[in-house]
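Novice: Right, I'll just put the structure down here and ask away after.
The values are calculated or read from the model by the stated rules, or taken from the named source; none is laboratory data. This one's a predicted model, so the numbers in the text were calculated from it and none came from an experiment. Positions of Cβ are generated from backbone atoms using ideal geometry, with glycine treated the same way; all protein chains shown enter the neighbour counts. We work out accessible area using only protein heavy atoms, side chains counted, and drop any ligands, DNA or RNA first. Shrake-Rupley method; radii C 1.70, N 1.55, O 1.52, S 1.80 Å.
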There are 4 protein chains.
Amino acid sequence: MPDDLSDIRYQVALANRLLANEGVLDAFGHVSMRHPGDPGRYLLSRSRSPGLIEADDVLEFTLDSGPVEPPSVQLYAERVIHGCIYQARPDVMAVCHHHAPAVMPFCIAGVPIVPVFHLGAAGGETMPFWNQRDEFGDTNLLVVKPEEGRSLARALGSYAAVLMNHHGATVVGRDLRELVSRSIFMCHNAEYQLRAQLLGAQISGKVPTLTAGETRLAGVINAMPNVTNRTWEYWTLRLDKVGGLPPRAKARPRAASVQGKTSRKMPSRKATARGRSGGKKARTR
Amino acid sequence: MPDDLSDIRYQVALANRLLANEGVLDAFGHVSMRHPGDPGRYLLSRSRSPGLIEADDVLEFTLDSGPVEPPSVQLYAERVIHGCIYQARPDVMAVCHHHAPAVMPFCIAGVPIVPVFHLGAAGGETMPFWNQRDEFGDTNLLVVKPEEGRSLARALGSYAAVLMNHHGATVVGRDLRELVSRSIFMCHNAEYQLRAQLLGAQISGKVPTLTAGETRLAGVINAMPNVTNRTWEYWTLRLDKVGGLPPRAKARPRAASVQGKTSRKMPSRKATARGRSGGKKARTR
Amino acid sequence: MPDDLSDIRYQVALANRLLANEGVLDAFGHVSMRHPGDPGRYLLSRSRSPGLIEADDVLEFTLDSGPVEPPSVQLYAERVIHGCIYQARPDVMAVCHHHAPAVMPFCIAGVPIVPVFHLGAAGGETMPFWNQRDEFGDTNLLVVKPEEGRSLARALGSYAAVLMNHHGATVVGRDLRELVSRSIFMCHNAEYQLRAQLLGAQISGKVPTLTAGETRLAGVINAMPNVTNRTWEYWTLRLDKVGGLPPRAKARPRAASVQGKTSRKMPSRKATARGRSGGKKARTR
Amino acid sequence: MPDDLSDIRYQVALANRLLANEGVLDAFGHVSMRHPGDPGRYLLSRSRSPGLIEADDVLEFTLDSGPVEPPSVQLYAERVIHGCIYQARPDVMAVCHHHAPAVMPFCIAGVPIVPVFHLGAAGGETMPFWNQRDEFGDTNLLVVKPEEGRSLARALGSYAAVLMNHHGATVVGRDLRELVSRSIFMCHNAEYQLRAQLLGAQISGKVPTLTAGETRLAGVINAMPNVTNRTWEYWTLRLDKVGGLPPRAKARPRAASVQGKTSRKMPSRKATARGRSGGKKARTR
């Protein structure tokens, strides 16, 4: 667990970039994390494409999705997705909203995503479907109003993810690593489910799924730290290979004193942190 | 808005390369822009694959698609597509003709592309279908004669894009950024529509679409400058990452004096322009 | 047209690499060219994956597919494909045998590839299907014996390409550029045809094709040098971008005197040739 | 055949990386090799994503899948897959367990993979299907217990590969090169089979396959060293192109004296080995 907010900001930026590099996020979508020291706040980037986010872009918000400090930059219009879920789900520490190509056909056709392979169990046995129309009629499909965010959070209930009609999905996790892993494997699961359905259409017309017991047991394994750490390392090195890691955060006004002193006292700290998170140093190994 | 024609030429070259890098254009296809100072002219490259176009390749044409200056290079055979649409649609400031793999199955099967996700609303509720055969019988399918261009423009009518039987699509926009955004999201929409249809075939045999109201409301959002600027920045940085940005225009006879003087007086201008458009400088950030 | 055999060898190597880079060839497959000065010979690489071929790998064969000089290297087992087609088709100057992923489903399902878009007309209105079993029963599916090569050439007849049951395809052209263009667009055509069939299955169950007249007219355009030169330039620059161009041929015993003298007399020639074929020099433009 | 264990370890690491680079392995999956000097042992990496494995990660195990030396690192949970197969199949010298996207739809839909093209014959005429549920009921789907490994080995029988319900596949070979080749072509075969079935669904609803005779004859050709060597060279150069070759092994305690002496006596040996396996040296050719 990183030990100061500047490193937390770096991890949030990294999570956004990992998911962009694996095809879950593109020009849009966003990953947030609940403030590790204050459950009434969360951390989310200013409005920017996820693959470009740097630690300094990551700002603090209260759970009603207002910025803690007056912002000088543009904010994501859909940040109520994050705030409303953190309010409704005390167990959730990280949230991702995305429009991944793999899940879009399901969001459009209204077909549920079901667990079809062991890693897909990360998404749970059931994935609810939220249709914004039911409560709000014709909208631009963005989740912008607090009542829209609350409605989405209600649809999510106690599940791991919720599909959004003609729009995308929102995924939650107990930490950033579980969230990233679950988001990626949910996309793999969707891909395989679509292809398995096409392949088996002439046999039964229905895709065989994991049993409830298999889903629970495989889900437990998938969430174990040795699994989510291994995948985090793997995706980080893939991102590093294409030069996509976020630059290390520059000193920020509020964090300057702490970070500054640390750097001066322990000049080797920065290099260590880089090595740990697969930074530039790692490329020469 | 760039302040002289040499920068406009650069933007046209950039738009071509952005669309090539995102898989909309390949060896063929082209993007034009109406002359910002003279609505009776438009800017289009000499005949060249879009991913290779440089600012100096971009020439001026009158709306009957004749080159303003006698050309020493080969011109696109299909430039009447651009001229005829600029004649028929005073609101259109940019045109793209392409054969993107995502739309070809629709052009071949004769299946309409319909809005199936919020960003796909950029293409509008309806996309007309032009069958060259109806008026011209057997042709080589290229749109070369003025009467073919006019027929296509009539089929386009007041819509955002038109599908062309066994050939491709032509998309229009109110500026280059809206055009690029619309062209790319139209391809994503087509991909998702095809997959949603395959996925849901056994349920209803029909792909659910956005409602008319949703399409209108989401379409408005998609066309807002903060959205098209963000996607333009995102695609530009993706292009830069693979070394694909157009080189800055060299001085041209007609533009030489202006550009030359500027460069000599303000040596930092070039660097500034580069930074703004995501050039080499941006890589070191 | 290059003016000595060493440049011809380079062009054959380049054609192999272009098709490998565009996904037509992989570990296997090969491109040959009829000897420009002796219609009774053809040029084909020693046995090597097409993406790795260098000019020096390209050897001369007689039309019965024997090597003109005793080889010190391994030869392709299937070179009778080339020899037998050059014997049967005096108009053919270049041959490509491949197992492209795009065509394999057609070779397996026994479904004909038909022209479905203007560039796909390069493959002609009809593409015959050769089933090795019909004449030879159970084989390892390779075309190794002269009688197998002759049977394949008979099936090809006067067409542009022939599909081979459970194996791949063989394509012919009147020069290397037409061959490369036709091979690539045949793959695009197959991709679009498959997807158009899936898309339209519920409408008619049949993919609409170009008319015979459209296929003929579009085919003429596709084969025009300004088209095949433009695509050749485009694919060469794509190959150059990933560092895939063949190295310039080193002097070979037989070609040494000619090439050596030329180089000494006209030191700028090599650079010119490089520029023309999209070599290293081109990268700095 | 490499002549000391340090080179063997390098080959195992390389095989893992080749399969990762070709899309067979990702964050998970693993390749092992039977100890060339002791049929009662096998070589497998410590728990690590296959694309990151280095020679030093490769450890020795007995056939009951216990590590020969007490490990200081984490081990793969599923290594009984390897041990149990080496016990049951004396002819098998290399094993790969994977979850390749190409085979997952078959593992999910319960549809057999059948040989549909000449290179796909490498997988044999029949590929058994193992359903862990049949013997073990609800599990997390991992193969961790010895009785699970033995059950899987029984299902594999004398075949070349076995599909695992909702999980993936396990492939065997008589050496690393045959294994790698078979694993990759099995994925190509699965891709083509799925697409051929979609394409031909309206004709017969069944995918035509190779005959038993064709499968046997093509299978013999596919396993010949000149074929598996050529594909190994091809995939190694593709891996090298993206900078993915494993670093040469550093001296290990046990291997230090042998390797150290060799290096000192024959300084050119390392370069030779690199050239052979497509190392850094190869890039400059």
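Novice: About the Cα centre of region C:95-162, how large is the charge dipole given +1 on each Lys and Arg Cβ and -1 on each Asp and Glu Cβ? Please answer in debye to the nearest 20. Don't skip to the answer; put the middle values down first.
Specialist: Details: 4 positive and 6 negative charges, 21 e Å.
Magnitude of the dipole: close to 100 debye.
Novice: Taking each residue in B:161-168, count the Cβ atoms of any other chain within 10 Å of its Cβ, then average. What number comes out?
Specialist: Values: counts 0, 0, 0, 2, 4, 14, 6, 3.
The per-residue average across the peptide is 4.
Novice: For region B:138-198 and region A:1-42, what is the separation of their Cα centres, given in Å?
Specialist: 39
Novice: Next question, about the same structure. Hey, if we sort C:214, D:191, B:69 by accessible area with the 1.4 Å probe, largest down, what's the order? Each step should come with its number before you reach the end.
Specialist: Numbers: C:214 5, D:191 60, B:69 95 Å².
Reading off the accessible areas and sorting them downward yields B:69, D:191, C:214.
Novice: Another question, if that's okay. What does the copy distance list look like for residue D:77, label position 7 Å along Cα→Cβ, in nm and ordered from shortest?
Specialist: Those separations, rounded to one decimal, come out as 4.3, 4.3, 6.1 nm.
Novice: Let me ask another. Using a Förster radius of 41 Å, what is the FRET efficiency between residue B:126 and residue C:206 based on their Cβ-Cβ separation? Nearest 0.05, please. Mind showing how you got there, number by number?
Specialist: Values: r = 26 Å, r/R0 = 0.62.
It comes to 0.95.
Novice: To continue, here is another question. Classify region B:134-253: rounded, prolate or oblate, from the alpha-carbon gyration tensor (a ≥ b ≥ c, eigenvalue square roots; a/c under 1.5 rounded; otherwise prolate if a/b is larger than b/c)? Don't jump to the answer; show the numbers that get you there.
Specialist: Values: a/c = 1.78, a/b = 1.13, b/c = 1.58.
It comes out oblate by the Cα gyration axes.
Novice: What FRET efficiency comes out for the pair residue C:154/residue B:64, r = Cβ-Cβ distance, R0 = 56 Å, nearest 0.05? Spell out each step's value before the answer.
Specialist: Working: r = 52 Å, r/R0 = 0.94.
Taking R0 as 56 Å, the efficiency between residue C:154 and residue B:64 is 0.60.
Novice: Another one. In whole percent, what relative contact order does region A:8-122 give with Cα contacts below 8 Å and a gap of six or more residues? Kindly include the intermediate steps, with their values, before the conclusion.
Specialist: Working: 172 pairs, mean separation 30.4, N = 115.
Value for region A:8-122: 26 percent.
Novice: For the rotation bringing A onto D, which A residue has its Cβ nearest the axis, and at how many Å?
Specialist: Closest Cβ on chain A to the axis mapping it onto D, in Å: A:198, 4.
Novice: Take every Cα pair under 8 Å in region C:113-245 that's 6+ residues apart, average their separations, divide by the length, and report that relative contact order as a whole percent.
Specialist: 35
Novice: Output wanted: per-residue J couplings in Hz (rounded whole) for region D:97-113, from phi through Karplus 6.51 cos²θ - 1.76 cosθ + 1.60, θ = phi - 60°, x for Gly and Pro.
Specialist: Those phi angles translate into 10, 8, 10, 4, x, 5, 8, 4, x, 6, 5, 8, 6, x, 9, x, 8 Hz.
Novice: Compute the label zone of residue B:224 within region A:68-105: residues whose backbone N is under 14 Å from the point 7 Å along Cα-to-Cβ.
Specialist: A:74-80
Novice: Hey, could you grab the Kirkwood Rh for region D:4-65? Inverse mean 1/r over distinct alpha carbon pairs, Å, one decimal. Could the numbers behind the result be given before it?
Specialist: Numbers: mean 1/r = 0.0871 Å⁻¹.
The answer is 11.5 Å.
Novice: Using the Karplus curve 6.51 cos²θ - 1.76 cosθ + 1.60 with θ = phi - 60°, what ³J(HN,Hα) values do you get for each residue of region B:173-180, in whole Hz, with x for Gly and Pro?
Specialist: Going residue by residue, I get x, 7, 7, 4, 5, 5, 4, 5 Hz, with x marking Gly and Pro.
Novice: Would you kindly find the accessible area of residue B:93, with a 1.4 Å probe and non-protein molecules such as ligands, DNA and RNA excluded, rounding to the nearest 10 Å²?
Specialist: Its accessible surface works out to 60 Å², give or take rounding.
Novice: Please list, in order along region C:123-133, the HN-Hα scalar couplings obtained from phi with the Karplus expression 6.51 cos²θ - 1.76 cosθ + 1.60 (θ = phi - 60°), rounded to whole Hz, x for Gly and Pro.
Specialist: Values per residue, Gly and Pro as x: x, x, 6, 10, 10, x, 10, 9, 10, 3, 4 Hz.
Novice: Got the relative contact order for region D:136-179 handy, in percent, Cα pairs under 8 Å and 6 or more residues apart?
Specialist: Details: 23 pairs, mean separation 10.7, N = 44.
Worked out over region D:136-179, it gives 24 percent.
Novice: Additional query: What order do C:117, D:28 take when sorted by accessible area (1.4 Å probe), most exposed first?
Specialist: Numbers: C:117 5, D:28 25 Å².
The most accessible residue leads, giving D:28, C:117.
Novice: A further question on this structure: Label-to-label distances across copies for residue B:128, with labels 7 Å out along Cα→Cβ, in nm, shortest first?
Specialist: Computed spacing set for this position: 4.5, 4.5, 6.4 nm.
Novice: What is the P(r) of region B:103-202, as percent of Cα-Cα pairs per 5 Å bin from 0?
Specialist: Spelled out per bin, shortest first, that is 2, 13, 22, 24, 18, 11, 7, 2, 0, 0.
Novice: Could I ask something else about it? What is the set of long-range amide H partners of residue B:166 at a cut-off below 5 Å, with H atoms built 1.01 Å from backbone N?
Specialist: Result for residue B:166 returns B:108.
Novice: Continuing with the same structure: What net charge do the residues around residue D:104 carry, taking every other residue with its C-beta under 9 Å from that of residue D:104, with Lys and Arg at +1 and Asp and Glu at -1? Show your work: numbers first, answer last.
Specialist: On the way: positive: A:195; negative: A:191.
Neighbour charge sum, excluding residue D:104 itself: 0.
Novice: Express in Å², to the nearest 10, the accessible area of residue C:242 obtained by rolling a 1.4 Å probe over the protein heavy atoms while all chains stay in place.
Specialist: Accessible surface of residue C:242 is approximately 80 Å².
Novice: Then there is this: Taking the Cα-to-Cβ direction at residue D:134 and at residue A:91 and moving 7 Å from each Cα, how far apart do the two end points lie in nm?
Specialist: Taking the two extended label points, one gets 3.6 nm.
Novice: In nm to one decimal, list the spacings between the residue D:147 label point and its equivalents in the other copies, with label points set 7 Å along Cα to Cβ, shortest first.
Specialist: 5.9, 5.9, 8.3
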